[in-house]
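Nothing in this text is a laboratory measurement; each read-out follows from the coordinates by a stated rule. Note that the structure is a prediction, hence the values are computed from the model and not measured. Cβ coordinates were reconstructed from backbone atoms using ideal geometry, including for glycine residues, and neighbour counts include every protein chain displayed.
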Protein chains: 2
Amino acid sequence: MTAERILYDLAGADESLRFSPHCWKTRMALAHKGLAVRTVPWRFTEKEAIAFSEQKLVPVLVDGDTTVSDSWRIACHLEDRYPDRPSLFGGAIGRGVSRFANGWADATLVPILARLLLPSIHALIHEKDKDYFRATREKRFGPLEELPPGYEAQIGLFRQALQPLRQTLERQPYLAGDQPAYADYAVFGMFMWARCTSAHALLDEGDAVYAWRERLLDAFDGLARRAPMIRS
Amino acid sequence: MTAERILYDLAGADESLRFSPHCWKTRMALAHKGLAVRTVPWRFTEKEAIAFSEQKLVPVLVDGDTTVSDSWRIACHLEDRYPDRPSLFGGAIGRGVSRFANGWADATLVPILARLLLPSIHALIHEKDKDYFRATREKRFGPLEELPPGYEAQIGLFRQALQPLRQTLERQPYLAGDQPAYADYAVFGMFMWARCTSAHALLDEGDAVYAWRERLLDAFDGLARRAPMIRS
């Protein structure tokens, strides 16, 4: 009856290090639905291992007889396939607006964090991935050795970019209201990306975003807090 | 049975000119709920006219025996008081995430648009409002005569800031999904602010945001499209 559920999950040289922001969105969504999953460590260049998904990026979820890639499509799959479990979106309007929150994290936070994190990510990935990683990332962000122009300034930019999130979290405990839902996980994935790959402190303890991140680190019996981080 | 519903609505020297982004959020929300309203033109310095609301800003909605100020609180009031009419939020999660969309518009778009619009708004408001407007706005944005540093650059910044919205609207017709809801109106209010006060073209016709704005201008029998604009 219960076919195995498998998530292909980006890993570092140390295969316990799982740092993809998009894979984290999916792991939190699975936990929200109360669905067990076996994660398979995957490296950037292992395209053949996920060729069956007909594309080249993780997360890839194999849910019994169904294969789904792309974190947003996976969230929709989970919501539609498991409607009786806790909702990720709370209906059509919530799904629509959650897509905006997801898009906001991707369009606004990824470029700022990438400039902060890419050099340290390059250092922690598997040797076989390093050339691929450098080539693809430098095409978008320029030479890794020149990133970022200055940590302090970049962290300042990041904190400023969080203003819409902060403003919301000063008024309610989660992006989705009183309880967390997919919109929260879509943004929280970014913080897991940073947490797993960098020793830099991104947030002040007095920041409403800090308190929110703490709550999500503790969610689902500390799923995210227990995740291995780089040794600094 | 049906007590009158009144909205205090920011007006220019010409009282038919209604340009407040936050009042527009409320007007669209009322239309979404199918609720009639009588708008009362209100100028920045007419604090006494709304003293009964125990604060100094519009929108102020008088809904029978209830007075509510602040566009977000008004939206929640309408949703809770008229639960059988079309939903603005679609439930608790949708409400939570819509607050984020609203906060995004306020935190991200207001500062950019203000630098573009404040000089022309100063020109179109009532004579008695001009000193108040200059004093309050210059405290935040600096001398009106020095705004913006360059229209082209400022419009470029605005278009770039719209990226999370654009990315969403390239995938679905409205921020809230297949149909518009409060998250749409919260952002659309910003475009009405610009439309009513400035002749500058903010968007390219090929932009997904442009097509979305067109749809919302046409919504509710063209409520927004019919609104008076400055003569340029």
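In chain B, excluding the sites themselves, the longest stretch lacking any of the trypsin sites (Lys or Arg not before Pro) that are in a DSSP loop with at most 10 other Cβ atoms within 10 Å is B:1-225. With only the Cα atoms considered, region A:5-81 has a convex hull volume of 81 Å³ per residue. The ratio of the alpha-carbon radius of gyration of the protein assembly as shown to the globular-protein estimate 2.2 N^0.38 Å is 1.05.
Charges were assigned to the Cβ only: +1 to each Lys and Arg, -1 to each Asp and Glu. The resulting dipole of region A:124-166 about its Cα centre is roughly 240 debye. Placing +1 on each Lys and Arg Cβ and -1 on each Asp and Glu Cβ, with no other charges, gives chain A a dipole about its Cα centre of roughly 140 debye.
Give the whole-number value, in cubic angstrom per residue, of the convex hull volume spanned by the C-alpha atoms of chain A.
Working: hull volume 29.1 nm³, N = 232.
Considering the Cα atoms of chain A, their hull volume per residue is 125 Å³.
Restricting region A:1-75 to GluC sites (Glu not before Pro) that sit in a DSSP loop and have at most 12 other Cβ atoms within 10 Å of their own Cβ leaves A:GLU4, A:GLU54. Computed from phi, the 3J(HN,Hα) profile of region A:209-215 under the Karplus parametrisation 6.51, -1.76, 1.60 (θ = phi - 60°) reads 5, 4, 4, 4, 4, 4, 4 Hz, with x in place of Gly and Pro. Once both labels are positioned 7 Å from their Cα atoms along Cα-to-Cβ, the gap between B:ARG159 and A:ARG85 label points is 4.3 nm. Annotation: amide H-H contacts under 5 Å for A:VAL60 (H modelled 1.01 Å from N, sequence separation of 5 or more, or interchain): A:TYR8. A Förster radius of 35 Å combined with the Cβ-Cβ distance from B:GLN55 to A:ARG73 puts the calculated FRET efficiency at roughly 0.20.
Taking the label point 7 Å along Cα→Cβ, A:GLU145 and its counterparts in the other copies are spaced 5.1 nm apart, in ascending order.
Below 24 Å, Cα to Cα, which lysines can A:LYS33 reach? Residues fewer than 8 away in the same chain don't count. Filter leaves A:LYS25.
Measuring r between the beta carbons of A:MET229 and B:GLU4 and using R0 = 41 Å, the FRET efficiency lands at 0.10.
Using a 7 Å projection from Cα along Cα-to-Cβ, the label point at A:LYS47 is separated from the same position in the remaining copies by 6.6 nm, smallest value first. Here r is the Cβ-Cβ distance between A:LYS47 and B:LYS139 and R0 is 35 Å; the resulting FRET efficiency, rounded to 0.05, is 0.05. Relative to the other identical copies, B:PRO83 shows label-point distances of 2.2 nm, where the label point lies 7 Å from Cα along the Cβ direction and values run shortest first. Label sites at B:ALA201 and B:ALA13, each approximated as a point 7 angstrom past Cα along Cα to Cβ, lie 2.9 nm apart.
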